[in-house]
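Notes to accompany the following structure.
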Amino acid sequence: MISGLVQILLWQGLGELVSHFLIPILPGPVLGLILLLVFLILKGHANSSLLAISDAFSQHLGLLFIPAAVGVILFLPQLKAHALAVITALVVSVVLTITTTAVILRLIARKDSNDP
Amino acid sequence: MIREQPQIADIWVYLSGSPLFALVVTLAAYQLGNLLYQRTNKNPFANPVAIAVVLIALVLYLMDMSYQKYFEGAQFVHFLLGTATVALAVPIYKGFSILKTRLIPLTVALVCGGVISIASAVGIATFMGADAAIIGALYPKSVTAPIAMGIAERLTVSPTLTAVFAVVTGILGAILGSFILNLLGMKAWWQRGFAMGVAAHGIGTSRAFAVHPEAGLYASLAMGMHGILGAILIPLLDFYIR
C-alpha cells in the first residue's frame, strides 16, 4: 500500500509540474490523473499496491472534502438570501441531466439495434 | 475542585490550538455519519458527508471556534484530496474496457447531459437573481467533488460552495434518480447507471451500485469521464461565456 501511495504522490507531483509549466488551465491533480490513466492504458495493467491505495481512497473519498465543505458556514447568510434560487437550480438541473442523458442513450442504442 | 479548573482550561487551550482537535472532530464526525449511513441501509438522506458537515458546524458554533482555526488543523485531511483525485485514475482505468464497446453513445450522452446540467443550473440561478459567487460555483456541480473543487479554483469561484453544491446534487440525484428513470420507462441497467453517474457523480454511483452491479459499473465510468471532460471543458466554456 505504501508503494502505491508513493506512486500516486509521484504522479501528483508530475501533474503539478505539467500544470505549472505547460497547461495552467488544468489543476495539477487532474493532470496527474490523466497521466496515470494514460500510463495504465499503455501498460495494460495496474499493480496490486496501486489497486489497494485507490480502493482505500475511493471508499472514503467523502471524508477528504469535509474540511472544505464545512466552510459553508461562512456562506450561510448568502445562501439564505438566495435559498429558493439555489434549491430550484439544483433540483431542476439534476432532473434534466438524468433525463437528457438517459433519453439520448436510449435513442442512440435503439437506432443502433435497428441497423442491420 | 477550584484548583483543577484552570488546569483543565489550560489543557483545553493547548489541545484546541493544535491540529489534533480539528482532526479528531473531522474523523469522528465522518465516522458517525458513516455509521448512520450503514445503519439506514445506505439511505441517500443519511449522507455521511452531509451529516459530518452539520455536526462539525455545530461543534464549532458551540465552542465558538472560527472556521479558519478549524481549517488550520483539518488541512491535513484536505491536502489528501489532490492525491485521491490522482487515485481516481485506477477505477476509471477499470471501466475503460467497457467504454471501448460503447464509446460513441456514452460520450455523446455525457456531453449532452453535462451541457444541460450547467445550462439549466446557471440559467435558473441567473433568472432567479442569485449572485455571481453562487452562479459561478454551480458550473462544476455535477462533477465529482474533488475534481469540481479543482475546477472551481481555476474559475476563481469558491471551492467550498462548489463542494456543497456537488454534495447536494449527489444526494438529490440519488434520491430522485430511480423515480425519474422509472417514469421515463428506462429498462437497460447500463443506461440507467450511466445517467446516474453523469448527473450525481460519486453519491449517485454508490446508489447505482446498491440497485444493480451493471448500473454501478456504468455510473462509475460516467463519473470518471465527466470528471476528466469537465476539468478540460468547463474552464474553456467559462472563459468564453464570462
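The values are calculated or read from the model by the stated rules, or taken from the named source; none is laboratory data. Nothing here was measured: the structure is a model prediction, and the numbers come from that model. Note that we place each Cβ from the backbone using ideal geometry, even for glycine, and neighbour counts take in every protein chain shown.
Of note:
Condition check ((1) within 7 Å of chain A (Cβ to nearest Cβ); (2) closer than 26 Å to A:Gly15 by Cβ) across all residues:
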residue	(1), (2)
B:Leu88	yes, yes
B:Arg102	no, no
B:Val111	no, yes
B:Ser142	yes, yes
B:Asn182	no, no
B:Lys187	no, no
B:Gln191	yes, no
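- Subset of segment B:113-130 [of a type in the set (A, V, I, L, M, F, W, C), within 7 Å of another protein chain (Cβ to nearest Cβ) and under 18 Å from B:Phe194 (Cα atoms)]: B:Ile116
- Of all residues making up segment B:129-148, the number that are in a helix (DSSP H, G or I), closer than 18 Å to B:Leu237 by Cβ and not aliphatic (A, V, I, L, M): 1
- Any hit, segment B:153-171, residues being at the interface with another protein chain (Cβ under 9 Å from one of its Cβ atoms), surrounded by fewer than 24 Cβ atoms within 10 Å (Cβ to Cβ) and within 9 Å of the chain's Cα centre (by Cα): yes
- Only residues that are facing chain A (nearest Cβ under 9 Å), within 26 Å of B:Val13 (Cβ to Cβ) and not β-branched (Val, Ile, Thr) were counted in segment B:45-67, giving 5.
- The one condition in (1) closer than 30 Å to A:Arg110 by Cβ; (2) among the basic types (Lys, Arg); (3) not assigned by TED's automatic domain parsing to the domain that holds B:Ala199 that B:Lys94 fails to fulfil: (3)
- The set of residues in segment A:67-112 that are buried (at least 20 other Cβ atoms within 10 Å of the Cβ) and touching a Pro at 6+ places or on another chain (Cβ under 9 Å) comprises A:Ala68, A:Gly71, A:Ile104, A:Leu105.
- Filter result for B:Val86 (among the β-branched types (Val, Ile, Thr), modelled with pLDDT of 90 or more and more than 19 Å from A:Ile73 (Cα to Cα)): yes
Table: residues versus (1) at pLDDT 90 or above; (2) under 13 Å from B:Ala84 (Cα atoms).
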position: A:Leu9; (1), (2): yes, yes
position: A:Gln12; (1), (2): yes, yes
position: A:Val30; (1), (2): yes, yes
position: A:Ala56; (1), (2): no, yes
position: A:Gln78; (1), (2): yes, no
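- Test: A:Ala109 is modelled with pLDDT under 95 and either within 24 Å of B:Thr205 (Cα to Cα) or of a type in the set (Gly, Ala, Ser) (or both): yes
- Test: residue in segment A:51-64 that is buried (at least 23 other Cβ atoms within 10 Å of the Cβ), in contact with a His (Cβ under 8 Å, 6 or more places away or on another chain) and farther than 12 Å from A:Gly4 by Cα: yes
- Cross-chain or 6+ apart pairs with Cβ under 7 Å, segment B:153-164 first and not assigned by TED's automatic domain parsing to the domain that holds B:Phe79, then among the basic types (Lys, Arg) and not in a helix (DSSP H, G or I): B:Thr162/B:Lys141
- Residue in segment B:225-235 that is under 15 Å from A:Val94 (Cα atoms) and of a type outside the set (Phe, Trp, Tyr) present: yes
- Residues being without any contact (Cβ under 8 Å) to a residue 12 or more places away in the chain and at the interface with chain A (Cβ under 7 Å from one of its Cβ atoms) - total across segment B:131-140: 1
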